[in-house]
Amino acid sequence: MTASYPNTRLRRTRASGWSRALYRENLVTPADLIWPMFVTEGEGVEEPIGSLPGVSRWSVDGIVKQANEAVALGIPVVALFPNTQSDRRSEDGAEAHNPDNLMCRAIRAIKDACGDDLGILTDVALDPYTSHGQDGLLDKNGYVTNDDTVAVLVDQALNQAEAGADIIAPSDMMDGRVHAIRMALEMNGHPNIQIMSYAAKYASAFYGPFRDAVGSGGLLKGDKKTYQMDPANGEEALREVELDIAEGADSVMVKPGLAYLDIVHLVKESLGVPTFAYQVSGEYAMIEAAAAAGAGDRDALVLETLLAFKRAGASGVLTYHAPLAARLLNG
């Protein structure tokens, strides 16, 4: 390089702050963030989650305060996950269809408070509602059935849509559920509700703290390897994404995030569709543990990992660090 281009010095553009800003290829802003939140029963309740330091479950009144904070910080979307009480969980997850369930009450309360200033993304899967912790219905052998589960997920999605959800996000990984949900939304007067599909969701070891947060971790019987993706597979993710886009998804998600940056890049480069990454609970917890141990600066770690998602091609990132990151980015 130096022999052919003797006057080239790549450090020249790095020599000052203004120059680094001028030549910067990727940028993270608060508008790139989606803030996952956990809602629980009660009033005036804040329950810190031990395995997710700095994250709490909030009762509906508290979740509204968090939503208002998101608006103030410039975060465009919050993602809601319910911690359903044990006495409302069942084999068939029937509480998912209750129009007055925890999720629907939180949706309505946020919409009343924030209107169109904030988007609401809602998770469609049965694990927060089942007594066995699986994302779908079980047959007599304990296998998660596909088509029967899809029918239930459609009812769950419509329930959330009626409550005011803006983005339906099926995370269950059943085949054909995006098409079924899209058709149901169209036929029931919700043509403008988006679908962000968990298209490439892997059977990962990084989900433990999340399962604690929604109360399904101790309930889970078996694993989810028959429907979530094998971490060894990359090309399969493209087939999953192509199917979900063809079925009517407006955007897709790769989950987890950091360990799957190659998948984020592959999807965006190959298909050019809006691609989001979920920086999952285990990734968040590792950053917090590193910071607590003095192994790295929390703020720097958070911003660098978010930048890595954008550099890989992510359109945006779901992260529990969203409020911290937004404050840092807002200066």
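The values are calculated or read from the model by the stated rules, or taken from the named source; none is laboratory data. As the structure is a prediction and not an experimental result, all values here were calculated from the model. As a convention, Cβ positions derive from the backbone with ideal geometry for all residues, glycine included, and neighbour counts pool all protein chains shown.
Here are some notes:
- One residue from 51, 19 being surrounded by fewer than 19 Cβ atoms within 10 Å (Cβ to Cβ), closer than 13 Å to residue 214 by Cβ and of a type in the set (Ser, Thr, Tyr): 51
- Of all residues making up region 289-312, the number that are of a type outside the set (Ser, Thr, Tyr) and surrounded by 19 or more Cβ atoms within 10 Å (Cβ to Cβ): 6
- Residue 123 being more than 18 Å from the chain's Cα centre (by Cα), modelled with pLDDT of 95 or more and not polar (S, T, N, Q): no
- If you filter region 159-178 down to residues that are β-branched (Val, Ile, Thr) and not in a helix (DSSP H, G or I), you find that the one that is surrounded by the fewest Cβ atoms within 10 Å (Cβ to Cβ) is 167.
- From 96, 165, residue being within 30 Å of residue 30 (Cβ to Cβ) and touching a residue at least 12 places away in the same chain (Cβ under 8 Å): 165
- Checked against (1) at pLDDT below 95; (2) under 16 Å from the mean Cα position of the chain (by Cα), residue 322 passes all but a single condition, namely (1).
- Some residue of region 179-202 being in a loop (DSSP other than H, G, I, E, B) and polar (S, T, N, Q): yes
- Subset of region 78-99 that is in contact with a strand residue (DSSP E or B) (Cβ under 9 Å, 6 or more places away or on another chain) and under 17 Å from residue 112 (Cβ atoms) - its residue that is surrounded by the most Cβ atoms within 10 Å (Cβ to Cβ): 78
- Per this entry, residue 47 is not counted among residues that are closer than 21 Å to residue 164 by Cβ and either acidic (Asp, Glu) or modelled with pLDDT under 95 (or both).
- Only a single criterion out of (1) buried (at least 18 other Cβ atoms within 10 Å of the Cβ); (2) under 24 Å from residue 32 (Cα atoms); (3) in contact with an Asp or Glu (Cβ under 9 Å, 6 or more places away or on another chain) is not satisfied by residue 248, namely (1).
- Yes/no for residue 74 being loosely packed, with under 13 Cβ neighbours inside 10 Å and out of contact with any Ser or Thr (no Cβ under 6 Å at 6 or more places or on another chain): no
- Verdict on residue 201 being touching a Ser or Thr at 6+ places or on another chain (Cβ under 8 Å) and among the charged types (D, E, K, R): yes
- Hey, residue 146 farther than 24 Å from residue 254 by Cβ and surrounded by fewer than 21 Cβ atoms within 10 Å (Cβ to Cβ) or not: no
- If the condition is being in a loop (DSSP other than H, G, I, E, B) and either within 19 Å of the chain's Cα centre (by Cα) or under 13 Å from residue 256 (Cα atoms) (or both), then region 203-224 contributes 203, 204, 215, 216, 217, 224.
- Residue match in region 274-284 (condition: farther than 24 Å from residue 54 by Cβ, crowded, with 17+ Cβ neighbours inside 10 Å and of a type in the set (A, V, I, L, M, F, W, C)): no
- Cβ pairs under 9 Å, 6+ apart, first in region 208-234 and on the phi < 0 side of the Ramachandran plot and buried (at least 20 other Cβ atoms within 10 Å of the Cβ), second assigned to a loop (DSSP other than H, G, I, E, B) and modelled with pLDDT under 85: 209/217; 210/216; 210/217
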